[in-house]
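The values are calculated or read from the model by the stated rules, or taken from the named source; none is laboratory data. On a predicted model such as this, the values are computed, not experimentally measured, just so you know. Using ideal geometry, Cβ is built from the backbone for each residue, glycine included, and neighbour counts are taken over all protein chains shown. The protein model used for the area step is the full one, side chains on, heavy atoms only, and it has no ligands, DNA or RNA in it. Shrake-Rupley method; radii C 1.70, N 1.55, O 1.52, S 1.80 Å.
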Amino acid sequence: MADNGGAPDFSSWSCPLPLADYPTIVMGHGGGGKLGNELVEHLFLPAFRNAALENLGDAAILELAPGRIAMSTDSFVVQPIFFPGGSIGELAVNGTVNDLAVSGADPKFLSASFILEEGFPLAQLAAVVRAMADAAATAGVRIVTGDTKVVERGHGDGCYINTAGVGVLRPGIEVGPHRAQVGDVILVSGTIGDHGMAIMSVREGLEFESQIRSDCAALNGLIADVLDAVGKDVHAMRDPTRGGLSSTLNEIASSSNVGIEIDETNLPVRTEVQSACELLGLDPVYVANEGKVVLFVAAQAADRVLAVLRAHPLGRDAAMIGQVTAQHPRMLVARTSMGANRVIAPQIGEQLPRIC
């Protein structure tokens, strides 16, 4: 979309009229009538175009390979809607893609449901939709069905998105938060805290020598490379989103009834993220990520998994951060740079609200 000083620019849309008569969302766009149909035909269909979606039926008719499927859903309410490194559009696609991928599935299809506030600029909606289309193409998934609702001015916050996804589970792959085993090595695919601090730096108006950017990305390609290389040696995977690394590791320790030990000196944290956390009194292990995966792998496969991660553009900063132990079951313990141990408790409440 061209830069026209913030005013809506409909010149690149497939049919500029009569949507151009309504530069913002009005209640009629959610009324199931002509305005809503135009929104579908001139915005959503051109962006997400595929055969299943173009039927415009009550449900998408899909063909899946034989075997097990995984299904996931998530809602996205991030503020601000646009932030360094992404937008609510990329988040809505990548978040659901990643939930499927860490379950051992190859993501295939997504639904997309929009809840729009009356008065939300159509130009911003077009930018969000384009970001979703680009993210879906990058991840290799198709958006095959969707819905739009409009709420009265003052009853929403611009734009909320819900996505649901379906993926096909790989034969012989069994991963889950309850499958971590004593002796497993724990790896993370890159630096932690980037997304949460990117959001927070915008809200707080913080400026650093290097802009903090969200790590928002689809992880299915990276995870596929790991599973192709070592398969069953991967026991558990999670993307450490809300609650950050701490919540993910505590949840897996509880689900698997094991102890987890990490070495804080091995945690990859960007200098600017560490500085922002210190300024705001936050611990990076509690800060959200949107493009990282934590893996629990058999010890004999750890070096190979690390090499595979680092060979991928999204895993260049991958690191081994700890191991699973029979000691202190259901607890996360960190070895500090001073040589002491500290218990990292699960987060209580929400450290950074509206981050995804």
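Do the conditions hold for Asp194, that is, is it acidic (Asp, Glu), crowded, with 24+ Cβ neighbours inside 10 Å and either closer than 23 Å to Cys356 by Cβ or without any contact (Cβ under 8 Å) to a residue 12 or more places away in the chain (or both)?
Values: acidic (Asp, Glu): yes; crowded, with 24+ Cβ neighbours inside 10 Å: yes; either closer than 23 Å to Cys356 by Cβ or without any contact (Cβ under 8 Å) to a residue 12 or more places away in the chain (or both): yes.
Against the criterion (acidic (Asp, Glu), crowded, with 24+ Cβ neighbours inside 10 Å and either closer than 23 Å to Cys356 by Cβ or without any contact (Cβ under 8 Å) to a residue 12 or more places away in the chain (or both)), Asp194 qualifies.
Tell me, yes or no, whether the range 341-351 has at least one residue that is under 19 Å from Gln211 (Cα atoms), out of contact with any helix residue (DSSP H, G or I) (no Cβ under 6 Å at 6 or more places or on another chain) and open to solvent by 70 Å² or more (accessible area, probe 1.4 Å).
Within the range 341-351, not a single residue is under 19 Å from Gln211 (Cα atoms), out of contact with any helix residue (DSSP H, G or I) (no Cβ under 6 Å at 6 or more places or on another chain) and open to solvent by 70 Å² or more (accessible area, probe 1.4 Å).
Among the residues of the range 20-32 satisfying the criterion of being over 14 Å from Lys149 (Cβ atoms) and not in a helix (DSSP H, G or I), which is most open to solvent (accessible area, probe 1.4 Å)? Before you say what the answer is, go through the steps one by one.
As a first pass, look at the range 20-32 and keep what is over 14 Å from Lys149 (Cβ atoms): 20-24.
Among the residues that remain, those that are also not in a helix (DSSP H, G or I) are: 22-24.
Details: Tyr22: 89, Pro23: 57, Thr24: 48 Å².
Filtering the range 20-32 for residues that are over 14 Å from Lys149 (Cβ atoms) and not in a helix (DSSP H, G or I), the one most open to solvent (accessible area, probe 1.4 Å) comes out as Tyr22.
Within the range 40-67, can you find the residues that are surrounded by 14 or more Cβ atoms within 10 Å (Cβ to Cβ) and either under 20 Å from Leu169 (Cβ atoms) or small (Gly, Ala, Ser) (or both)?
Within the range 40-67, Ala47, Ala52, Ala60 qualify.
Kindly list the number of the only condition in (1) in a helix (DSSP H, G or I); (2) in contact with a Cys (Cβ under 9 Å, 6 or more places away or on another chain); (3) under 22 Å from Gly291 (Cβ atoms); (4) open to solvent by 10 Å² or more (accessible area, probe 1.4 Å) that fails for Leu91.
For Leu91, the failing item is (4).
In the range 132-157, which residues are crowded, with 21+ Cβ neighbours inside 10 Å and part of a helix (DSSP H, G or I)?
Passing the criteria: Met132, Ala135, Ala136, Ala139.
Which one of Leu39, Leu56, Leu116, Leu35 is over 21 Å from Ala218 (Cα atoms), part of a strand (DSSP E or B) and hydrophobic (A, V, I, L, M, F, W, C)?
Just one listed residue meets the conditions, Leu116.
Scan the range 295-316 residue by residue and report those that are open to solvent by 50 Å² or more (accessible area, probe 1.4 Å) and over 13 Å from Leu222 (Cα atoms). Talk me through it step by step, then tell me what you get.
Here is the first cut: in the range 295-316, the ones open to solvent by 50 Å² or more (accessible area, probe 1.4 Å) are 299-300, 303-304, 307, 310-311, 313-314, 316.
Of everything in the range 295-316, those that are open to solvent by 50 Å² or more (accessible area, probe 1.4 Å) and over 13 Å from Leu222 (Cα atoms) turn out to be Ala299, Gln300, Asp303, Arg304.
Which count do you get for residues in the range 236-254 that are buried (at least 22 other Cβ atoms within 10 Å of the Cβ), closer than 17 Å to Arg179 by Cα and among the hydroxyl-bearing types (Ser, Thr, Tyr)?
Within the range 236-254, residues that are buried (at least 22 other Cβ atoms within 10 Å of the Cβ), closer than 17 Å to Arg179 by Cα and among the hydroxyl-bearing types (Ser, Thr, Tyr) number 1.
Six or more apart or on different chains, Cβ atoms under 9 Å: show the pairs whose first residue is in the range 323-343 and free of Cβ contacts under 8 Å to residues at least 24 places away in the same chain and whose second is open to solvent by less than 70 Å² (accessible area, probe 1.4 Å) and part of a loop (DSSP other than H, G, I, E, B).
Arg342/Thr336; Val343/His328
Confirm whether Gly86 is closer than 29 Å to Ile252 by Cα and open to solvent by less than 30 Å² (accessible area, probe 1.4 Å). Before you say what the answer is, go through the steps one by one.
On the way: closer than 29 Å to Ile252 by Cα: yes; open to solvent by less than 30 Å² (accessible area, probe 1.4 Å): yes.
Yes; evaluated as a whole, the condition is true for this residue.
Against the definition (open to solvent by less than 20 Å² (accessible area, probe 1.4 Å) and in contact with a helix residue (DSSP H, G or I) (Cβ under 8 Å, 6 or more places away or on another chain)), how does Gly221 come out, yes or no?
Spelling it out, it is not the case that Gly221 is open to solvent by less than 20 Å² (accessible area, probe 1.4 Å) and in contact with a helix residue (DSSP H, G or I) (Cβ under 8 Å, 6 or more places away or on another chain).
When you scan the range 94-102, do you find a residue that is more than 15 Å from the chain's Cα centre (by Cα), in contact (Cβ under 8 Å) with a residue 12 or more places away in the chain and at negative phi, even just one?
no
Restricting to the range 88-98, name every residue that is small (Gly, Ala, Ser) and in contact with a Ser or Thr (Cβ under 9 Å, 6 or more places away or on another chain).
Of the range 88-98, the ones small (Gly, Ala, Ser) are 89, 92, 95.
Within the range 88-98, Ala92, Gly95 qualify.
Based on this model, can you work out whether Gly205 counts as at positive phi, open to solvent by less than 40 Å² (accessible area, probe 1.4 Å) and not hydrophobic (A, V, I, L, M, F, W, C)? Reasoning before the result, please.
On the way: at positive phi: yes; open to solvent by less than 40 Å² (accessible area, probe 1.4 Å): no; not hydrophobic (A, V, I, L, M, F, W, C): yes.
It is false that Gly205 is at positive phi, open to solvent by less than 40 Å² (accessible area, probe 1.4 Å) and not hydrophobic (A, V, I, L, M, F, W, C).
Please work out if Ala288 is modelled with pLDDT of 95 or more, out of contact with any Asp or Glu (no Cβ under 7 Å at 6 or more places or on another chain), not acidic (Asp, Glu) and not in a loop (DSSP other than H, G, I, E, B).
Values: modelled with pLDDT of 95 or more: yes; out of contact with any Asp or Glu (no Cβ under 7 Å at 6 or more places or on another chain): yes; not acidic (Asp, Glu): yes; not in a loop (DSSP other than H, G, I, E, B): no.
Considered against the rule, which asks whether it is modelled with pLDDT of 95 or more, out of contact with any Asp or Glu (no Cβ under 7 Å at 6 or more places or on another chain), not acidic (Asp, Glu) and not in a loop (DSSP other than H, G, I, E, B), Ala288 comes out as no.
Quick one: is Ala65 farther than 16 Å from Ala135 by Cα, aliphatic (A, V, I, L, M) and not in a strand (DSSP E or B)?
Details: farther than 16 Å from Ala135 by Cα: yes; aliphatic (A, V, I, L, M): yes; not in a strand (DSSP E or B): yes.
It is true that Ala65 is farther than 16 Å from Ala135 by Cα, aliphatic (A, V, I, L, M) and not in a strand (DSSP E or B).
Residues that are farther than 26 Å from Ala136 by Cβ: list the strands (runs of 3 or more DSSP E) wholly contained in the range 167-284 that include at least 3 such residues.
Numbers: elements: 185-188, 234-238, 259-263.
Hits in the range 167-284: 185-188, 259-263.
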